[in-house]
Amino acid sequence: SEEYPQLRKNHVVAVANQKGGVGKTTTVANLAVALAQKGTKVLVIDSDPQGNASTALGIEHHAGTPSLYEVLVGKMALGEVAQPCPNEPSLLVVPATVDLAGIEMELADEADRSYFLRRVLEEYLAERESTLVLIDCPPSLGLLTVNAFCAANWVLIPVQAEYYALEGISLLTDTTNKIRASLNPDLDIIAFLVTMFDKRTNLSAQVESDVRTHYPNQTLKTNIPRQVTISEAPSWQQTVVTYDKNSQGSVAYQMAGLELLNKLIEKEN
Ligand code: ADP
Ligand code: MG
């Protein structure tokens, strides 16, 4: 397999959308495997207490497994809880367990509550280079997502082509702007990715066209098609990139990964 271009710097990308079911986790898991297969050093941080990214990537995450929770409460370092993905051992994954569900309450009274993830990630990345960190955010704009936005340089926004999406997206772009203005001046949107695209429906075409009209430069050229094996793969602790490798969905995630990589490299200059 031909290699993709290589990053020269570390990049931290929060994959976020406050709406559930838009393809955040699917995007994180598939981009991570696709890029790791082509030689990018990838760390996935599962920041959703539901642990769906951990499941999809075949990572142990029963209650009590050392996870992002232990890291955020200061008991362990990120590198100590990261596990190699069985399907792609060069890919490292920080699992989320149900323990993470209580973290927003636990951190609520801390003055620096927005920066817990940033601190541990800075420590991790200080000893590494050319690493792509993908953070799978929960479906809310709560403290876990704020922590992801404070730890990240970039936000990647999956947009579900099956639902009138623009209103939700403007809330998310407003939030990104507010966080850049107040908590993290280094934050910006790197890309929008149209997911669950069905070329037979008018709604898909309409949503895609709206997103491209509003965000012409940031919307990835590749759309992710709606495809049954994309949704089946997690039950086999797989991603479509390994489970149904030559399908349109798999190829789309590989192309979207290459586009993302090229955008990040462009920003390094
Ligand atoms: P989120 O993390 O935003 O909540 P998920 O990635 O979990 O969203 O996706 C929601 C559901 O849709 C999951 O059951 C997932 O398997 C399914 N899904 C995601 N992308 C696709 C796709 N391109 N085609 C078919 N099903 C998809
Ligand atoms: Mg999810």
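Apart from one condition, Leu172 fits all of (1) within 11 Å of ligand 1 (Cβ to nearest atom); (2) surrounded by 16 or more Cβ atoms within 10 Å (Cβ to Cβ); (3) in a helix (DSSP H, G or I); the exception is (1).
Given the criterion surrounded by 14 or more Cβ atoms within 10 Å (Cβ to Cβ) and either part of a loop (DSSP other than H, G, I, E, B) or free of Cβ contacts under 8 Å to residues at least 40 places away in the same chain (or both), identify the matching residue among Asn246, Asn223, Asn217. Even if it seems obvious, please write down each step before you answer.
On the way: Asn246 fails: surrounded by 14 or more Cβ atoms within 10 Å (Cβ to Cβ); Asn217 fails: surrounded by 14 or more Cβ atoms within 10 Å (Cβ to Cβ).
Answer to the check: Asn223.
Taken together, the criteria place Val33 among residues that are more than 12 Å from ligand 2 (Cβ to nearest atom), at pLDDT 95 or above, crowded, with 24+ Cβ neighbours inside 10 Å and part of a helix (DSSP H, G or I). Here Val42 meets the list (1) among the β-branched types (Val, Ile, Thr); (2) more than 16 Å from ligand 1 (Cβ to nearest atom); (3) assigned to a helix (DSSP H, G or I); (4) in contact (Cβ under 8 Å) with a residue 60 or more places away in the chain almost entirely, failing just condition (3).
Before we move on, is Asp198 within 12 Å of ligand 1 (Cβ to nearest atom), over 18 Å from the mean Cα position of the chain (by Cα) and either of a type in the set (Asp, Glu) or modelled with pLDDT under 95 (or both)? For Asp198, the condition - within 12 Å of ligand 1 (Cβ to nearest atom), over 18 Å from the mean Cα position of the chain (by Cα) and either of a type in the set (Asp, Glu) or modelled with pLDDT under 95 (or both) - is met. Scanning region 13-32 for residues that are near ligand 1 (Cβ under 8 Å from one of its atoms) and out of contact with any Leu (no Cβ under 7 Å at 6 or more places or on another chain) turns up Lys19, Gly20, Gly21, Val22, Gly23, Lys24, Thr25, Thr26.
Of all the criteria given as (1) without any contact (Cβ under 8 Å) to a residue 60 or more places away in the chain; (2) assigned to a loop (DSSP other than H, G, I, E, B); (3) out of contact with any helix residue (DSSP H, G or I) (no Cβ under 6 Å at 6 or more places or on another chain), the one not satisfied by Ala63 is (3).
With the structure loaded, tell me whether Gly39 is surrounded by fewer than 19 Cβ atoms within 10 Å (Cβ to Cβ) and away from ligand 2 (no atom under 16 Å from the Cβ) or whether it fails that test. Steps first, answer last, please.
Working: surrounded by fewer than 19 Cβ atoms within 10 Å (Cβ to Cβ): yes; away from ligand 2 (no atom under 16 Å from the Cβ): yes.
When the stated conditions are applied, Gly39 passes them.
Evaluated against (1) in contact (Cβ under 8 Å) with a residue 60 or more places away in the chain; (2) away from ligand 2 (no atom under 16 Å from the Cβ), Ala148 falls short on exactly one condition, (2).
In the condition set (1) buried (at least 20 other Cβ atoms within 10 Å of the Cβ); (2) under 20 Å from the mean Cα position of the chain (by Cα), Ser204 is compliant with all but (2).
The values are calculated or read from the model by the stated rules, or taken from the named source; none is laboratory data. Remember, predicted model here, so these are calculated numbers, not experimental data. Glycine also receives a Cβ, built like all others from the backbone with ideal geometry; neighbour counts cover every protein chain displayed.
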